[in-house]
């Protein structure tokens, strides 16, 4: 069930569509000349701009026909590249699109081949009129052990993907801003961050028992050429798969917190058992609450450490991530969620001690739904993983409305990428979840059947309360477990800890919920957790 960064790159691509006009005349030449003499020639039809509405119409029409895999037209030498050979090829920065223009964005392409045998087309334009951009072999550098002469003269109607650069940290240097690469995967950066978790256009049948997961592809992109002074860049994309065809629009605004505004219109060829909207994919190997069997000098290894949810009434939830021994699924029912996302809250280098990966700089990603999403659920998928190169965490929105063949859906949302994307709040946040053996820790010669969990809450007005303040915990435990003891204590330097000792009554997971209260009002976000048989 592992979702590795390499595995999730399959799929095909569709033909690119552009506004154009053409006329075809048939029959003998004499008949054609007679027709021309009889009536004046009709003026050619004006090309129709490719607006988002027009692209949506085209994808709706595509959904009415059977899905077809695109033919692979890559030259044999490109198709047969292995990992090392593919890594030896890089785009030449001096060939970046718009580099010679006084604009705030540059574009570079990713070379096809290796696992990227299914390519995507790129068209550049403005105001609804786009032309294909054909990348040449000379746009890339071929480093040893490759011989550049072997690749001479190759052209690429499609590429593996592309990345857009913008001046993020200083005005005279263009940093990498966003990458679209593989299936419908993409990821972005805010100021001061390094690539970590990814997003997808759509998730289909992720972690279902009876269905094979499907990976739709962005197979054609239409990118608006930037103009001087513009601080956002817009692009549209075609998404296609056996079950769905879709039109997407992205408006990207770089900054300390990069914001991507997305519109998606989906047209279903087939019914989908589990549809995932605004899916996020991340990595969690171990952390403060989940270190069992990890003999590693680093205290924690993860791109994200928790799932955050905010309801329309302002109630907020924090669900720490885990690396379970078996596949774990959590469903949190919601109506019109205000926010949800995978965050990296722990920003201290000391808690990672990794001078290469710098997990403390991995971006958080918060989804802000636009408009009424209605009833549904946020699903968190936690997949067992023994290695940090596996993306084993997935989160997405499941609409209550079923994705039936012949139906359509539309969703709009903002994506917030950065070091600190969580909205301001007037309550304490969960800052740590600590777990360990219960009972008498000194009694090592007897079987321990209980578990201790400590939840730290810091920040907000609760941090300023005196140690004797009447702070009480709200604790809920499902019937699979039993609460033996609980306590609230003051943390050094401010904040509060809720300590739990729990006993398992059944083998199924125990769902837990904890919050701080004062005068019957919540003064913290709500911690939710799934105690599995291994944790």
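Things to note:
- Residues of the range 106-125 that turn out to be over 21 Å from the mean Cα position of the chain (by Cα), assigned to a loop (DSSP other than H, G, I, E, B), over 14 Å from residue 180 (Cβ atoms) and touching a residue at least 40 places away in the same chain (Cβ under 8 Å), as a count: 2
- Among the residues of the range 291-306, those identified as touching a residue at least 40 places away in the same chain (Cβ under 8 Å) and either outside the structural domain of residue 391 (by TED's automatic domain parsing) or out of contact with any helix residue (DSSP H, G or I) (no Cβ under 6 Å at 6 or more places or on another chain) (or both) are 292, 297, 298, 301, 302, 303, 304, 305, 306.
- Subset of the range 413-427 that is in contact with a strand residue (DSSP E or B) (Cβ under 7 Å, 6 or more places away or on another chain) and surrounded by fewer than 16 Cβ atoms within 10 Å (Cβ to Cβ) - its residue that is modelled with the highest pLDDT: 423
- So residue 55, is it surrounded by 17 or more Cβ atoms within 10 Å (Cβ to Cβ), more than 28 Å from the chain's Cα centre (by Cα), at pLDDT 95 or above and in the same structural domain as residue 240 (by TED's automatic domain parsing): no
- Selection status of residue 250, surrounded by 22 or more Cβ atoms within 10 Å (Cβ to Cβ), without any contact (Cβ under 8 Å) to a residue 24 or more places away in the chain and not in a loop (DSSP other than H, G, I, E, B): yes
- Taken as a whole, the condition of being assigned by TED's automatic domain parsing to the domain that holds residue 253, over 30 Å from residue 193 (Cβ atoms) and either surrounded by 17 or more Cβ atoms within 10 Å (Cβ to Cβ) or under 24 Å from the mean Cα position of the chain (by Cα) (or both) does not apply to residue 91.
- Residue match in the range 353-364 (condition: within 30 Å of residue 243 (Cβ to Cβ), assigned by TED's automatic domain parsing to the domain that holds residue 190, part of a strand (DSSP E or B) and touching a strand residue (DSSP E or B) at 6+ places or on another chain (Cβ under 8 Å)): no
- Note on the range 130-210: enclosed strands (runs of 3 or more DSSP E) holding 2 or more residues that are more than 15 Å from the chain's Cα centre (by Cα) and under 28 Å from residue 276 (Cα atoms) are 161-166.
- The condition (being at pLDDT below 90, farther than 20 Å from residue 512 by Cβ and either surrounded by 15 or more Cβ atoms within 10 Å (Cβ to Cβ) or in the same structural domain as residue 512 (by TED's automatic domain parsing) (or both)) is satisfied by just one residue among 469, 441: 441.
- Condition met for residue 392 (out of contact with any strand residue (DSSP E or B) (no Cβ under 6 Å at 6 or more places or on another chain), at pLDDT 95 or above and on the phi > 0 side of the Ramachandran plot): no
- Condition met for residue 136 (modelled with pLDDT of 95 or more, surrounded by fewer than 19 Cβ atoms within 10 Å (Cβ to Cβ) and either in contact with a helix residue (DSSP H, G or I) (Cβ under 9 Å, 6 or more places away or on another chain) or within 27 Å of residue 248 (Cβ to Cβ) (or both)): no
- Taking the range 504-535 as the range and being over 17 Å from residue 474 (Cα atoms) and modelled with pLDDT of 95 or more as the test, no residue passes.
- Here residue 528 fulfils each of the conditions (1) within 20 Å of residue 314 (Cβ to Cβ); (2) without any contact (Cβ under 8 Å) to a residue 40 or more places away in the chain; (3) in contact with a strand residue (DSSP E or B) (Cβ under 9 Å, 6 or more places away or on another chain) apart from (2).
- Screening 116, 110 for residues that are assigned by TED's automatic domain parsing to the domain that holds residue 160, crowded, with 16+ Cβ neighbours inside 10 Å and within 30 Å of residue 170 (Cβ to Cβ) leaves exactly one candidate, 110.
- Residues of the range 75-88 classified as in a loop (DSSP other than H, G, I, E, B) and either at pLDDT 95 or above or under 28 Å from the mean Cα position of the chain (by Cα) (or both), total: 3
- Note on the range 321-338: residues that are under 13 Å from residue 532 (Cα atoms) and either surrounded by 13 or more Cβ atoms within 10 Å (Cβ to Cβ) or free of Cβ contacts under 8 Å to residues at least 24 places away in the same chain (or both) amount to 9.
- The strands (runs of 3 or more DSSP E) located wholly in the range 446-535 that include 3 or more residues which are more than 21 Å from residue 329 (Cβ to Cβ) occupy 450-458, 472-477, 481-490, 496-504, 510-518.
- When each of 508, 520 is tested for being surrounded by fewer than 14 Cβ atoms within 10 Å (Cβ to Cβ) and on the phi > 0 side of the Ramachandran plot, the lone residue that passes is 520.
- Output for the range 211-230, where each listed residue is within 24 Å of residue 278 (Cβ to Cβ) and assigned to a loop (DSSP other than H, G, I, E, B): 211, 212, 213, 215, 216
The values are calculated or read from the model by the stated rules, or taken from the named source; none is laboratory data. Just so it is clear, the model here is predicted, and its values are computed rather than measured. Neighbour counts run over all protein chains shown; Cβ positions are idealised from the backbone, glycine included.
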